[in-house]
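Notes follow once the structure below has been shown.
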Amino acid sequence: MAITKEEFRAALGRFASGVTVVTTKDDSGKLFGITVSAFCSVSLEPPLILACIEKRAGSHHAFQQSKAFVVNILREDQQAVSNHFASHLEDKFVNVEYDTGIGNLPVLRNCLANLECRLHDSYESGDHTIFIGQIEKATVSEENPLIYWHSKYRELKD
Ligand SMILES: Cc1cc2nc3c(=O)[nH]c(=O)nc-3n(C[C@H](O)[C@H](O)[C@H](O)COP(=O)(O)O)c2cc1C
């Protein structure tokens, strides 16, 4: 027998993760970005990562249309950025600082790391799509990460 949604959330909420904002654009050139914690490493050779995006998300079609995306890994002082990209604003890039990277996509400034990815594969799975990207460029900084655990933002305690 399958578990309930509440049991699923309670169990998966025990898994601590970092927080990313994944950005892309659709065929019309409109920019999209979504807060994603379902992100992980897949392969070293070639260098692959994955991000799971809900099919109902307003940005989902853009990830299907685009051949590239950028994973912006957030620093501990970027809770507001996470909440901003987890909202349903019409244009999430107003007053957001970014540079332009792979495929003219937005690379958010002041992040812990930015991974510019070429779309490698995608798989529909349940109510999400798994987008696999091959990293073409990675930039990193030495700050602390924003952490999400048990439905709350947390800070790393050394
Ligand atoms: C900390 C956090 C982690 C999230 N992780 C994911 C995720 O991994 N995948 C996903 O599809 N949505 C995730 N969400 C929810 C989306 O960010 C949210 O539904 C967003 O409003 C979708 O934006 P859109 O409809 O403009 O695409 C997360 C939200 C938060 C606050």
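Here, each number is a calculation from the coordinates, and none is a lab measurement. The structure presented is a predicted model; accordingly, all values stated were derived computationally and were not measured. Glycine also receives a Cβ, built like all others from the backbone with ideal geometry; neighbour counts cover every protein chain displayed.
Among the lysines in the chain, how many pairs, 8 or more places apart or on different chains, have alpha carbons under 26 Å apart? Lysine pairs meeting the criterion: 17.
The length gained by stretching the chain between Y153 and S122 to full extension, at 0.36 nm per residue less their Cα-Cα distance, is 8.3 nm. Applying 0.36 nm per residue to the separation of N83 and E143 and subtracting their alpha-carbon distance, the gain on full extension is 19.6 nm.
Could you calculate the FRET efficiency of R9 with T100 from 1/(1 + (r/R0)^6), where r is the beta carbon distance between them and R0 is 35 Å, rounded to 0.05?
Details: r = 37 Å, r/R0 = 1.05.
Once rounded, the FRET efficiency stands at 0.45.
Here the chain is assigned +1 on the Cβ of each Lys and Arg and -1 on the Cβ of each Asp and Glu. Its dipole about the Cα centre then comes out at about 260 debye.
Pop the C-beta distance of E90 and C40 into the FRET formula with R0 = 35 Å and round what comes out to the nearest 0.05. Numbers along the way, then the final one.
On the way: r = 30 Å, r/R0 = 0.86.
My answer for the efficiency is 0.70.
Estimated from helical segments only, the mean residue ellipticity of the chain at 222 nm is -3500 deg cm²/dmol, where each DSSP H run of four or more residues counts as -39500 (n - 2.57).
Classify the range 11-50 as rounded, prolate or oblate from the Cα gyration tensor: take a ≥ b ≥ c as the square roots of its eigenvalues, call it rounded if a/c is under 1.5, otherwise prolate when a/b beats b/c and oblate if not.
Working: a/c = 3.70, a/b = 1.38, b/c = 2.67.
In terms of gyration-tensor shape, oblate.
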